[in-house]
Amino acid sequence: AELDNARTGRSCSLDSPPTHLDVTQKIDVNPPKGTRDFPPEEMRLRNWLFQNFREVSQLFGFEEVDFPVLESEALFIRKAGEEIRDQLYCFEDRGNRRVALRPELTPSLARLVIQKGKSVSLPIKWFAIGQCWRYERMTRGRRREHYQWNMDIIGVPNVTAEAELISSIITFFKRIGITSSDVGFKVSSRKVLQEVLRRYSIPESLFGRVCVIIDKLEKIPIDDIKKELKSVELSEDAVEELLQILSVKSLTKLEEKLGSSVEALADLKQLFLLAEKYGYSDWIQFDASIVRGLAYYTGIVFEGFDREGKLRAICGGGRYDRLLSTFGGDDIPACGFGFGDAVIVELLKERGLMPELSPQVQNIVCSLDQDLQSEASSVAARLREKGQSVDLVLESKPLKWVFKRAARINAQRLIIVGSTEWQKGMVSVKILSSGEQYEIKIDELE
Ligand SMILES: CC(=O)Nc1cnc2ccccc2c1
């Protein structure tokens, strides 16, 4: 059976994990290709970033949610030629189920909204911070995982929802020192594309695919774009008109081209008016070429970009009014955004805005005398009961060693349990920043 299991690959490589007696070859201590460890310093930066994500989400009254990193593959099978589909980290589990590591959070959120159905009242305002995965050939040496912050508003049809989402991202940027001279938002609406396709009687069913192709503008040669558009039966004229419209950079020009009756125009005008009222007009600009690469967007789309043009999009989002109904749910309007943990760090480095995060501990407690180790433990316990953080030195070490460690962990106070002081029911304290030193009764210590 064991051999059989091993052959079919049903069991992991070893039935029992190697014990200390089994070590023959050294294991690879690096994490799997395209993935990262988070040692303390990197973890402090990640926690700082996520804390800001959380505080902004709560400032906007959003509730936190989360979902399994593993989902049914069916959640992400969209036939629109999206890159996210080509790189799906999917496999067959031991129960022969097709599953995937989530490449994004929105489909899981949609699934949970439908599952909750009538038991949650609209509008829903949820946020999540979750690890997302992709499997791409390591030829490109890119990462296979990243963390995404998502905020979504479900059940609000008008653009006040998109205006609110953009406001929350700007609030985040401001909190970490990024201004509208560092970053802007390109805003458009897919209803512009929809209108052009309608005028050339292109079937609605091709809408998602056309958007995915258009999103590759500036990423692949224009001729390939034209070829791909032709492959979805767009006529020469339709392609020309499409590319014409996409180069429009002002709402007035758009109105000239499309006429004032188009819904896209009304949405965009209202969004820019709301931006004015929020006070973030200088952060956003209309740019018809913005379509985003996810097939399910149906209306306003936006992306945060670095004005120096060195980095890839920082974040992006938009309206996806049809996603819930494609999952068999009711026709509920929805919009949201995703904000990755990679480009933002590059931007902070570029702008010299990386935070100085060092480990902090209030006390380091040690005993200089082997027999007083347990007394040191009781002092540590006492301080911790009072909510004081303590790094307890767990084996007898020379004072020089303790000072070195105290400096490394940034301890504020050194508490020494020494026999002479202990006889008097006291310990000696040293404030490491000032060097001030004094003795204190144990039960006065706090
Ligand atoms: C810059 C970066 O790490 N991007 C990235 C990394 N991993 C991903 C994984 C899933 C989907 C998108 C991803 C995007």
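The values are calculated or read from the model by the stated rules, or taken from the named source; none is laboratory data. Source: prediction; values computed, not measured. Note that each Cβ is placed from the backbone with ideal geometry, even for glycine, and that neighbours are counted across all protein chains shown.
Summary of values
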{"quantity": "Residues satisfying the stated conditions in region 402-436, i.e. farther than 17 Å from Gln362 by Cβ and either in contact with a strand residue (DSSP E or B) (Cβ under 9 Å, 6 or more places away or on another chain) or among the polar types (S, T, N, Q) (or both)", "calculated": "Gly418, Ser419, Thr420, Glu421, Trp422, Gln423, Lys424, Gly425, Met426"}
{"quantity": "Filtered residues of region 25-71 (kept if acidic (Asp, Glu) and within 30 Å of Leu122 (Cα to Cα))", "calculated": "Glu55, Glu63, Glu64, Asp66, Glu71"}
{"quantity": "Any hit, region 107-125, residues being closer than 27 Å to Gln51 by Cβ, within 16 Å of the ligand (Cβ to nearest atom), crowded, with 19+ Cβ neighbours inside 10 Å and free of Cβ contacts under 8 Å to residues at least 60 places away in the same chain", "calculated": "yes"}
{"quantity": "Evaluation of Glu446 against (1) surrounded by fewer than 16 Cβ atoms within 10 Å (Cβ to Cβ); (2) without any contact (Cβ under 8 Å) to a residue 24 or more places away in the chain (one fails), failing number", "calculated": "(2)"}
{"quantity": "Of all residues making up region 327-342, the number that are near the ligand (Cβ under 10 Å from one of its atoms) and either of a type in the set (Gly, Ala, Ser) or in contact with a Cys (Cβ under 8 Å, 6 or more places away or on another chain) (or both)", "calculated": "3"}
{"quantity": "Whichever residue in region 131-140 is more than 8 Å from the ligand (Cβ to nearest atom) and either assigned to a helix (DSSP H, G or I) or touching a residue at least 40 places away in the same chain (Cβ under 8 Å) (or both) and, among such residues, is surrounded by the fewest Cβ atoms within 10 Å (Cβ to Cβ)", "calculated": "Thr139"}
{"quantity": "Of all residues making up region 212-232, the number that are under 13 Å from Leu242 (Cβ atoms) and not in a loop (DSSP other than H, G, I, E, B)", "calculated": "9"}
{"quantity": "When residues of region 323-350 are limited to those that are over 16 Å from Glu104 (Cβ atoms) and charged (D, E, K, R), the one surrounded by the fewest Cβ atoms within 10 Å (Cβ to Cβ)", "calculated": "Asp331"}
{"quantity": "Verdict on Ile84 being under 26 Å from Ser231 (Cβ atoms), among the aliphatic types (A, V, I, L, M) and either in contact (Cβ under 8 Å) with a residue 12 or more places away in the chain or more than 14 Å from the ligand (Cβ to nearest atom) (or both)", "calculated": "yes"}
{"quantity": "Which numbered condition Asp369 fails, given (1) within 26 Å of the chain's Cα centre (by Cα); (2) surrounded by fewer than 18 Cβ atoms within 10 Å (Cβ to Cβ); (3) not basic (Lys, Arg)", "calculated": "(1)"}
{"quantity": "Filtered residue count, region 173-212, keeping only those that are of a type in the set (Val, Ile, Thr) and closer than 21 Å to Asp237 by Cβ", "calculated": "4"}
{"quantity": "Residues satisfying the stated conditions in region 170-204, i.e. in a helix (DSSP H, G or I), aliphatic (A, V, I, L, M) and over 20 Å from the mean Cα position of the chain (by Cα)", "calculated": "Val192, Leu193, Val196, Leu197"}
{"quantity": "Matching entry among Glu195, Glu104, Glu164 (being more than 16 Å from the ligand (Cβ to nearest atom) and either surrounded by fewer than 19 Cβ atoms within 10 Å (Cβ to Cβ) or at pLDDT 95 or above (or both))", "calculated": "Glu164"}
{"quantity": "Number of the condition not met by His146 [criteria: (1) of a type outside the set (Phe, Trp, Tyr); (2) in contact (Cβ under 8 Å) with a residue 40 or more places away in the chain; (3) away from the ligand (no atom under 14 Å from the Cβ); (4) surrounded by fewer than 20 Cβ atoms within 10 Å (Cβ to Cβ)]", "calculated": "(3)"}
{"quantity": "Which listed residue is within 15 Å of the ligand (Cβ to nearest atom), more than 17 Å from the chain's Cα centre (by Cα) and modelled with pLDDT of 95 or more, from Glu303, Glu350, Glu308, Glu346", "calculated": "Glu350"}
{"quantity": "Subset of region 367-376 (residues that are within 14 Å of Leu445 (Cβ to Cβ) and touching a Leu at 6+ places or on another chain (Cβ under 9 Å))", "calculated": "Ala376"}
{"quantity": "Residue match in region 272-287 (condition: of a type outside the set (Gly, Ala, Ser), touching a Cys at 6+ places or on another chain (Cβ under 8 Å) and closer than 30 Å to Leu254 by Cα)", "calculated": "no"}
{"quantity": "Phe207 touching a Phe, Trp or Tyr at 6+ places or on another chain (Cβ under 9 Å) and assigned to a helix (DSSP H, G or I)", "calculated": "no"}
{"quantity": "Residue check for Phe272: in a helix (DSSP H, G or I), buried (at least 19 other Cβ atoms within 10 Å of the Cβ) and under 32 Å from the mean Cα position of the chain (by Cα)", "calculated": "no"}
{"quantity": "For Leu45: the one exception among (1) surrounded by fewer than 14 Cβ atoms within 10 Å (Cβ to Cβ); (2) at pLDDT 95 or above", "calculated": "(1)"}
